[in-house]
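Student: Please find one structure pasted underneath; my questions will follow.
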Amino acid sequence: MTGVGAVSALGHGVPALWGAIEAGRDGFSPVERFPLEGFAVRIAGTVPGTSTLPAGGLGELCARIAWQAAREALDQARAGPAGVPAHRIALVLGTSLAAGNEGLHRLAEALGDLLQIAGPRLTVSTACASSTTSLGVGRDLLAAGLADLVLAGGADVLSDQLFAGFHALGVLSAGPCAPFSEPPGTTLGEGAGFLVLERQADAAARGVAPLGWILGHGLSADAYHPTSPDPTGAGVARALRAALADAGVEPAAVGYYNAHGTGTAANDPAEWQALQSVFGEVAARLPVSSSKSFLGHAQGAAGVLEAICTLEGLRRGRLPPTLHHTRPRPRSPVDAIPGPGPRPSEARVAASGSSAFGGANASLVLARADARLPPPAPDRPVRLIGGGVVGPFGQELGALARLLAEGRQAAGPTPPPDLRALLPAADPRGLDPSSRFLAAAAALALADAGVQVRGPLRDRTGLLAGIARLSPSCVEAFERSIRERGLARLDATAFTHMVLNAPAGACARLLQLRGPSTVLTTGPGSGLAAVVMAADLLAHGEGADLLLAGGLDELTDAERALRDGRAEGASCALLAGPGHLAADHPAAGRAVRVAGWGLAGPGRLDDAVAAALARAGLEPGEVSLAFGEAEPSVLAGALAPGTRVVRPSAAAGRADGAGGVTAVLLAARAIWQDGQAAALAVSDQGRSTSSAVLLTRGEA
């Protein structure tokens, strides 16, 4: 970490943030941005000077504070296109809703344009765990050599709908929140925060000293409930253990934990249970505090702002306290660092955690600049062992392949999948179409590989999904509840579905997938970006043996009626780490190697393909077949002349989320059944990323 920037309820800039922590001053005040008639709670942590929105509304406000925080971080790191080539700088943005319900990836695209970042622009959207995950994804991009500098963080702003939704859930505190203390309840906030990440050698070559290190990160899914945490804290514990294993750090070496610490009656005890599980007897002596007592709950930006508080505390030898802590609630940390001021400390290593709607958990292990770095772990081989598709062509990949061979397009809309037939023990009642599509594709992929997720394997099987937008049916249900009942009495259940990772959370619950879970969006190409990150996580991470990499699309009723070439459905590829399948397993004989993968900036598909080829150790002439949404002329510079490019959309329709995963499965089929030695899946649509995944014949 070589640069840091923040805009929060505590002010503009990291000095303002830390100054407020030193002074024991929170950022809470009466909300003036929107009317509060009918609400029992009247305070929040809004960015100073934003009670009146700019002309562009919440969208402009979110973009503005994101730019300010990003600029501060880049300036401190002395980073920019003049020092690092623009196409080797990546942006990973975490956000829950940014400033609206459509096109969450557009904020990253706009920010990338403003900052002249021409590398990959990824958006992570797992509600309140978004920016914690974005920091881990940023570190992985560096480790994989897919970027030389990463700007990672998050941004979210407070809207009247967000305020009303949490009010309807009954989790807001009438006064400033007091995590682990009385009374229970949370206070909402907003803000933006970014860290500049780079490899040690690259920073040294630029003459930039590190501020600290991201040693490891971990992800998990509760697979328990759409909004309530698993009361045992098992999901939080899995993410934290994975982060510690990734960092090569023993629990006893952690000197401080920055908690998710929302202050609610359900979250705080569950998190404390997790800490006791991971740290054992040491938990009673572990300093634990919640920065939300200063910042409020900043949604998708919460994790990065809390990581910044942790980093600044480590650097200064002063641990951030828990403000407003008077007397501890039952089942809460023994040492919550009661405020008002920071506590002197010699801690060198700290952990930070976030949890979210949909049951997503994310953890980080951070260290001071003088900490010892763990040696890099060798890459592990990755195989593709199964796949499942749901689309207008049905639920068989062979049907799509035949349509492509015959030059025909699938007719009619995507039939609703029969989840009761695919998952007899699951209860699919009340699921939206997005959740049904994704769960069906995931179940088909597991069945295709002959894998049953049972026992300990549940904790080692995860889901990474690329989703282009929120479920339109959920958006309509939420907006209808406001029209019919009024903002102050909206449907709380409908509100809980207003996060991009809701279908992934539903899928994890139905299939009991408790391993790493997150959701990426890049608009077009979202699914293929998810496959890239899933392959990289299996190759480098410690938290999973199996990962479902999925893509998802749902249309509105009006879009279905248009019949304009867009399609809905889902695709899932099942990826496996080494040694998962026995030699006599039905899927073992046809597994293909995920030999290479690459991400690059928009319009730079040749760079993504080159990265995939280099990782696989192949020459361009060894690949003669590619699947995906790219012009042959675009690939001409990266592959040999005459390479055949097959567009899945020619038969399946355009699918921003699922299309890239379908391309991967068609490439695998070309190896399984058609005897190809190697096949490529590519995506070069939109203004976020270009992606490539290279499959080859033979065991990994």
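The values are calculated or read from the model by the stated rules, or taken from the named source; none is laboratory data. Here the structure is a predicted model, which means the values were calculated and not measured. Because the Cβ atoms are built from the backbone with ideal geometry, glycine has one as well, and the counts that use them run over all protein chains shown. For accessibility, only protein heavy atoms count, side chains too; no ligands or nucleic acids. Shrake-Rupley method; radii C 1.70, N 1.55, O 1.52, S 1.80 Å.
Student: Starting from region 618-640, keep only residues that are within 19 Å of Thr662 (Cα to Cα) and β-branched (Val, Ile, Thr), then list their pairs with residues that are modelled with pLDDT under 90 and open to solvent by 20 Å² or more (accessible area, probe 1.4 Å) whose Cβ atoms are within a distance under 9 Å, requiring at least 6 positions of separation or different chains.
Tutor: Listed pairs, sorted by first residue: Val623/Ala640; Val623/Thr643.
Student: Here is a further query. Residue by residue through region 121-158, note down the ones that are outside any loop (DSSP other than H, G, I, E, B), polar (S, T, N, Q) and farther than 22 Å from Pro85 by Cα.
Tutor: Correct list: Ser130, Ser131, Thr132, Thr133.
Student: Looking at (1) closer than 22 Å to Ala600 by Cα; (2) surrounded by fewer than 18 Cβ atoms within 10 Å (Cβ to Cβ); (3) at pLDDT 95 or above, find the lone condition where Leu151 falls short.
Tutor: (2)
Student: Conditions first: (1) surrounded by 17 or more Cβ atoms within 10 Å (Cβ to Cβ); (2) more than 25 Å from Val532 (Cβ to Cβ). Gly398 passes all but one, so which condition is the exception?
Tutor: Among (1) surrounded by 17 or more Cβ atoms within 10 Å (Cβ to Cβ); (2) more than 25 Å from Val532 (Cβ to Cβ), Gly398 violates only (1).
Student: From the list Pro15, Pro30, exactly one residue is without any contact (Cβ under 8 Å) to a residue 40 or more places away in the chain, farther than 29 Å from Asp160 by Cβ and either hydrophobic (A, V, I, L, M, F, W, C) or open to solvent by 10 Å² or more (accessible area, probe 1.4 Å) (or both). Which is it? Before you say what the answer is, go through the steps one by one.
Tutor: Details: Pro30 fails: farther than 29 Å from Asp160 by Cβ.
The conditions single out Pro15.
Student: Quick check on region 177-192. Is at least one of its residues at pLDDT 95 or above, under 23 Å from Glu479 (Cα atoms), out of contact with any Asp or Glu (no Cβ under 7 Å at 6 or more places or on another chain) and not hydrophobic (A, V, I, L, M, F, W, C)?
Tutor: yes
Student: For residues in region 615-629 being of a type in the set (D, E, K, R) and crowded, with 18+ Cβ neighbours inside 10 Å, which is nearest to Leu400 (Cα to Cα)? Reasoning before the result, please.
Tutor: First, pick out the residues of region 615-629 that are of a type in the set (D, E, K, R): 615, 619, 622, 629.
Still in the running and crowded, with 18+ Cβ neighbours inside 10 Å: 615, 629.
Numbers: Arg615: 30, Glu629: 16 Å.
My answer is Glu629.
Student: Let me ask something additional. When Leu107 is evaluated against the numbered criteria (1) part of a loop (DSSP other than H, G, I, E, B); (2) without any contact (Cβ under 8 Å) to a residue 60 or more places away in the chain, which criterion, by number, is the only one it fails?
Tutor: Result: Leu107 passes all but (1).
Student: It is to be established whether one or more residues within region 328-337 are at pLDDT below 95, in contact with a strand residue (DSSP E or B) (Cβ under 7 Å, 6 or more places away or on another chain), farther than 14 Å from Glu22 by Cα and not aromatic (Phe, Trp, Tyr).
Tutor: Yes, region 328-337 contains a residue that is at pLDDT below 95, in contact with a strand residue (DSSP E or B) (Cβ under 7 Å, 6 or more places away or on another chain), farther than 14 Å from Glu22 by Cα and not aromatic (Phe, Trp, Tyr).
Student: Looking only at region 534-565, how many residues end up being crowded, with 24+ Cβ neighbours inside 10 Å and of a type in the set (A, V, I, L, M, F, W, C)?
Tutor: Selection size over region 534-565: 10.
Student: Does at least one position in region 541-559 carry a residue that is within 17 Å of Thr227 (Cα to Cα) and in a strand (DSSP E or B)?
Tutor: Among the residues of region 541-559, not one is within 17 Å of Thr227 (Cα to Cα) and in a strand (DSSP E or B), which makes the answer no.
Student: Only residues that are assigned to a strand (DSSP E or B) and open to solvent by 10 Å² or more (accessible area, probe 1.4 Å): list them for region 170-189, please. Give the derivation first.
Tutor: If we filter region 170-189 for residues that are assigned to a strand (DSSP E or B), which is where we start, we get 172, 181, 186, 188-189.
Leu172 - this is the single residue of region 170-189 that is assigned to a strand (DSSP E or B) and open to solvent by 10 Å² or more (accessible area, probe 1.4 Å).
Student: Shifting gears a bit: Return the residues of region 346-379 that are under 30 Å from Ala595 (Cα atoms) and open to solvent by less than 20 Å² (accessible area, probe 1.4 Å); say none if nothing qualifies. Even if it seems obvious, please write down each step before you answer.
Tutor: Kept after step one, since they are under 30 Å from Ala595 (Cα atoms), are these residues of region 346-379: 360-365, 373-379.
Ala360, Asn361, Ala362, Ser363, Leu364, Val365 - these are the residues of region 346-379 that are under 30 Å from Ala595 (Cα atoms) and open to solvent by less than 20 Å² (accessible area, probe 1.4 Å).
For (1) within 15 Å of Ala681 (Cα to Cα); (2) touching a helix residue (DSSP H, G or I) at 6+ places or on another chain (Cβ under 9 Å), each residue gets a yes or a no:
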site	(1), (2)
Pro602	no, yes
Asp607	yes, yes
Ala611	yes, no
Ala614	no, no
Glu622	yes, yes
Glu629	yes, yes
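Student: Next question. Looking at Leu97, Leu61, which is the one that is aliphatic (A, V, I, L, M), in a helix (DSSP H, G or I) and touching a residue at least 12 places away in the same chain (Cβ under 8 Å)?
Tutor: Details: Leu97 fails: in a helix (DSSP H, G or I).
Within the list Leu97, Leu61, the selection yields Leu61.
Student: Out of Ala98, Ala79, Ala90, Ala110, I need the residue that is at pLDDT 95 or above and crowded, with 22+ Cβ neighbours inside 10 Å. Which one?
Tutor: Ala90
Student: Taking Arg343 as the residue in question, decide whether it is on the phi > 0 side of the Ramachandran plot, basic (Lys, Arg) and open to solvent by 60 Å² or more (accessible area, probe 1.4 Å). Please lay out each step first, then the result.
Tutor: Details: on the phi > 0 side of the Ramachandran plot: no; basic (Lys, Arg): yes; open to solvent by 60 Å² or more (accessible area, probe 1.4 Å): yes.
When the stated conditions are applied, Arg343 does not pass them.
Student: Now for a different question. How many residues are open to solvent by 30 Å² or more (accessible area, probe 1.4 Å) and either under 29 Å from the mean Cα position of the chain (by Cα) or basic (Lys, Arg) (or both) when one looks only at region 318-340?
Tutor: 3
Student: Within region 630-679, how many residues are in a strand (DSSP E or B) and either open to solvent by 40 Å² or more (accessible area, probe 1.4 Å) or small (Gly, Ala, Ser) (or both)? Quick ask: steps written out before the conclusion?
Tutor: Taking region 630-679 as the starting set, the residues that turn out to be in a strand (DSSP E or B) are 644-646, 654, 678-679.
If we keep only those that are either open to solvent by 40 Å² or more (accessible area, probe 1.4 Å) or small (Gly, Ala, Ser) (or both) too, we end up with 644, 654, 678-679.
Number of matching residues: 4.
Student: Let me ask you something else. Considering only residues that are out of contact with any Leu (no Cβ under 9 Å at 6 or more places or on another chain) and either surrounded by 18 or more Cβ atoms within 10 Å (Cβ to Cβ) or farther than 28 Å from Ala178 by Cβ (or both), which ones fall in region 44-62?
Tutor: Here is the first cut: in region 44-62, the residues out of contact with any Leu (no Cβ under 9 Å at 6 or more places or on another chain) are 49, 51-52, 55-57.
Matches in region 44-62: Thr52, Ala55, Gly56, Gly57.
Student: What do you reckon, is Val84 of a type outside the set (Lys, Arg), modelled with pLDDT under 95 and touching a strand residue (DSSP E or B) at 6+ places or on another chain (Cβ under 8 Å)?
Tutor: Numbers: of a type outside the set (Lys, Arg): yes; modelled with pLDDT under 95: yes; touching a strand residue (DSSP E or B) at 6+ places or on another chain (Cβ under 8 Å): yes.
Spelling it out, Val84 is indeed of a type outside the set (Lys, Arg), modelled with pLDDT under 95 and touching a strand residue (DSSP E or B) at 6+ places or on another chain (Cβ under 8 Å).
Student: Let me ask something additional. Looking at region 15-39, which of its residues are over 15 Å from Cys177 (Cβ atoms) and hydrophobic (A, V, I, L, M, F, W, C)?
Tutor: Ala16, Leu17, Trp18, Ala20, Ile21, Ala23, Phe34, Leu36, Phe39 - these are the residues of region 15-39 that are over 15 Å from Cys177 (Cβ atoms) and hydrophobic (A, V, I, L, M, F, W, C).
Student: Quick check on my filter: what residues within region 405-422 are under 28 Å from the mean Cα position of the chain (by Cα) and not hydrophobic (A, V, I, L, M, F, W, C)?
Tutor: Initially, region 405-422 is screened for residues under 28 Å from the mean Cα position of the chain (by Cα), giving 414, 416-417, 419, 422.
Residues satisfying the conditions are Thr414, Pro416, Pro417.
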